[in-house]
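Notes follow the structure.
A short reminder: the numbers here are calculations on the coordinates, not readings from a lab. The model shown is predicted, which means the values in this text are computed figures rather than measured ones. Neighbour counts run over all protein chains shown; Cβ positions are idealised from the backbone, glycine included.
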Amino acid sequence: MRGLALALWGAVLLGSSLSGRLELLLRGVFHPLVGFSGVLLLGLGLQQMLQRGQGPATKRSWLLAAALAVAVLLIPPNPSFSDLASNRSSDLGAELELDFQLPPGQRSLTDWVRLLRSQPDPQLYAGDPVRISGFVLPQAGDRPQLGRLLVRCCLADATPIGLPVRWPAGYQPRPDQWLALEGRMGVERHNGTPRSVVLVERLRPIPRPARPLEP
């Protein structure tokens, strides 16, 4: 049973690496390591399946491990990014990688957030074109933002970021819904302080990207 459990978990790692499942959980740079680990576990499991001599309690433990592996194989991951973001800090730290040469219309949501945190004067960007995509990120006591998750390694160290959005009249964005927005950057007062806000001119629902996590 131990060999079967190891082989199944090897299949989980290898299959996740080849199928694209890891894009929801882990940065792409680490995917080859996961695939290599899957191959090793699969080989070790096949070797162990040729051996015997486990006690009943040990067999039950490995049976449970095998059942969990089968469940992971059959049920694809579907994490709620907005739920995860609600329990994470949005602090980007002191190291911000910025590209001031990038035209406003080509900046991603992540580019805008980093730029606004380094140079927060909203008047600098008023009227700039905005073309961004992300998931709807609810905010306590405020309108939902459009957000992304930044990761250094995996979802365990994810940092949520978001941009304030002035949604079209009557539009009710749903948490976790992925949207592409076009509009312009405006200025509004929030808690007595001016801040940048995306003034939406066009929006459309989009599928969750194949690679939703950003470095």
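Residue by residue through the range 175-190, what is 3J(HN,Hα) from phi via Karplus (6.51 cos²θ - 1.76 cosθ + 1.60, θ = phi - 60°)? Round to whole Hz and write x for glycine and proline.
Whole-Hz 3J(HN,Hα) from phi for the range 175-190: x, 6, 5, 8, 9, 10, 10, 10, x, 9, 7, x, 10, 9, 9, 9.
Using amide H atoms built 1.01 Å from N in the peptide plane, name the residues 5+ places from Q145, or on other chains, whose amide H lies under 5 Å from its own.
Long-range HN contacts for Q145: L137, Q139.
Which trypsin sites (Lys or Arg not before Pro) from the range 125-215 combine a DSSP loop assignment with at most 16 other Cβ atoms within 10 Å?
Details: sites: R131, R148, R152, R166, R184, R189, R195, R202; in loops: R152.
Answer in residue order: R152.
Using amide H atoms built in the peptide plane, which far-off residues or other-chain residues are under 5 Å from V130 H to H?
G183, R184, M185
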